[in-house]
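Shown next, in structure tokens, is the structure this report addresses.
The values are calculated or read from the model by the stated rules, or taken from the named source; none is laboratory data. Treat the numbers as computed from the prediction; the structure is a model and nothing was measured. Note that each Cβ is placed from the backbone with ideal geometry, even for glycine, and that neighbours are counted across all protein chains shown. Please note that ligands, DNA and RNA were not included when accessible areas were found on the heavy atoms of the full protein model with its side chains. Shrake-Rupley method; radii C 1.70, N 1.55, O 1.52, S 1.80 Å.
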Amino acid sequence: MVLLPTDRMDSLFSPRCVWVNGPIIVGAGPSGLAVAASLREQGVPFVVLEREDCIASLWQKRTYDRLKLHLPKQFCELPRMPFPADYPEYPTRRQFIDYLENYAATFDVKPEFGSTVQSARYDETSGLWRVHSSSAGAGEMEYIGRWLVVATGENAENVVPDIPGLEGFAGKVTHVSDYKSGASYKGQSVLVVGCGNSGMEVSLDLCDHGALPSMVVRDAVHVLPREVCGRSTFELATMLMAWFPLWFVDKIMVFFSWLILGNLAGFGIRRPAIGPLTLKNKYGRTPVLDTGAMAKIRSGEITVVPGVARFTKNSAELTDGTALDIDAVVMATGYKSNVPQWLQTSDGFFGKDGYPTTAFPNGWKGQSGLYSVGFTRRGLSGASADAVRIAKDLGHVWREETKPTKRAAGACHRRCISVIF
């Protein structure tokens, strides 16, 4: 970082300004780290802005204690660094955090923590991105550069459905992002709203800690065994797709689910008409990988209930007309992108839902130096693939434009207090 002269009058009435001679990366989760590490190998300078005080804040602050990677580690590693050989096939939450911290240290990725991006817009006149951020320590800042990498991901904000009466419910209501363990729910009747991987695993965790969970299954959902004959279901599907069409692999996956887990309709779990892999590819709906919840459902230790019509002070009224007395609610209702809240662009690259409008594998690059990573709906492997593409593209462009960029930095020196080369 090279200090440059500052126009005193400008500094009094505008945010402090930093010229970045490389991409501005917003987000220090696995996706942002993967891009930064790949850029480091390309010799491209960058800055990473992160609103929290740590990397991978979703994993460090908003996950439950028993969480493990749902896929084998070889499908979850970031570019240029495999997991340690002594890690189990499905690393724990703590092991994955340690891996990410080691990854950041290995590639010298040092985010600007506590920097909340308020807005990012492309200035047509100058051909530059202007990113406004705020932090408790540094105050208002403006980062200016030719390229912007959106790496805030699919899980930036909690999703809480608007269910009538919820505000009047007398018990504890917790989003899954704040749930850590079922220990504090022992002996309580807990309603888990949501039946994705988090909903299933939280229900299992509650059961293991002596709570009485009921899980809301409103829509049809695919539940697959995590492993088939000792091999990861995901790995098996990947191998089969190399030889057979998607629709045929879907039929094989459904057959294995029926063979291992049985007919789930009798337990209130309906299977979608569309196959699990097709549903994932077309609509981003991830199938549930069973880690033990189905056995508890069969034994009656986890009760499956239909949708919630409304809450009362001490109960939930269900869509089938029955009432369920409950002590607490856990909202396993997922997350959403927050990109529309801060990215100001009208080029249509991002949709209203905060996802790129172009499907994978072509949704990583937009116009005017805009890139996205971590929005593939294909987990860590999809993010890693996009990170490598972005770094390769930016490496080529940056080398071509380095000299013009430095001239532009010199032209901006009257407003910028520093430059990142």
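Rounded to a whole number of µm²/s, how large is the Stokes-Einstein D of the range 152-288 at 37 °C and 0.692 mPa s, given Rh as the Kirkwood radius over C-alpha pairs? Translational diffusion coefficient: 193 µm²/s. Within the shell defined by Cβ-Cβ distances under 14 Å, the residues around residue 138 carry a net charge of -3, with Lys and Arg each +1 and Asp and Glu each -1. Rounded to the nearest Hz, the phi-derived 3J(HN,Hα) couplings of the range 246-255 under the Karplus curve 6.51 cos²θ - 1.76 cosθ + 1.60 (θ = phi - 60°) are 4, 5, 6, 5, 4, 5, 5, 5, 5, 4, where x marks glycine and proline. Electrostatic bookkeeping for residue 319 treats Lys and Arg as +1 and Asp and Glu as -1; over the other residues with beta carbon under 13 Å from its beta carbon, the sum is -1. Highest mobility in the GNM of the chain, judged by mean-square fluctuation with C-alpha springs under 10 Å and restricted to 268, 29, 334, is found for 268. Taking the protein heavy atoms of the range 190-274 in the context of the full set of protein chains, the accessible area attributed to carbon and sulfur is 64 percent at 1.4 Å. Cα-based values for the range 253-323, radius of gyration first and Dmax second, are 14.9, 43 Å. Legend: residues 50, 157, sorted from most to least accessible area (1.4 Å probe; ligands, DNA and RNA excluded), read 157, 50.
Solvent-accessible surface of protein heavy atoms, probed at 1.4 angstrom with all chains present, puts 126, 119 in the order 126, 119, largest first. In sequence order, the range 67-81 has phi-based couplings of 4, 10, 4, 7, 10, x, 4, 5, 8, 10, 6, 8, x, 6, 8 Hz under the Karplus curve 6.51 cos²θ - 1.76 cosθ + 1.60, θ = phi - 60°, and Gly or Pro positions carry x.
Put the Cα centre of the range 83-119 next to the Cα centre of the range 275-327 and the gap is 32 Å. For the range 209-281, count all C-alpha to C-alpha pairs, find those more than 14 Å apart, and express that count as a whole percent of the total. Cα-Cα pairs of the range 209-281 separated by over 14 Å account for 64 percent. What's log10 of I(q)/I(0) for the range 130-216 at q = 0.18, 0.20, 0.23 Å⁻¹, Debye sum over Cα points only, no solvent? Summing over Cα pairs of the range 130-216 leads to -0.84, -0.95, -1.19. The residues neighbouring residue 63, those whose beta-carbon lies less than 13 Å from its own, together hold a net charge of +3 under the Lys/Arg +1, Asp/Glu -1 convention. Sorted into 10 angstrom bins from 0, the C-alpha pair distances of the range 58-154 split as 13, 32, 29, 20, 6, 0 percent.
Largest first, the residues 80, 16 sort by 1.4 Å accessible area into 80, 16. In units of the rule-of-thumb radius 2.2 N^0.38 Å, the chain shows an alpha carbon radius of gyration of 1.08.
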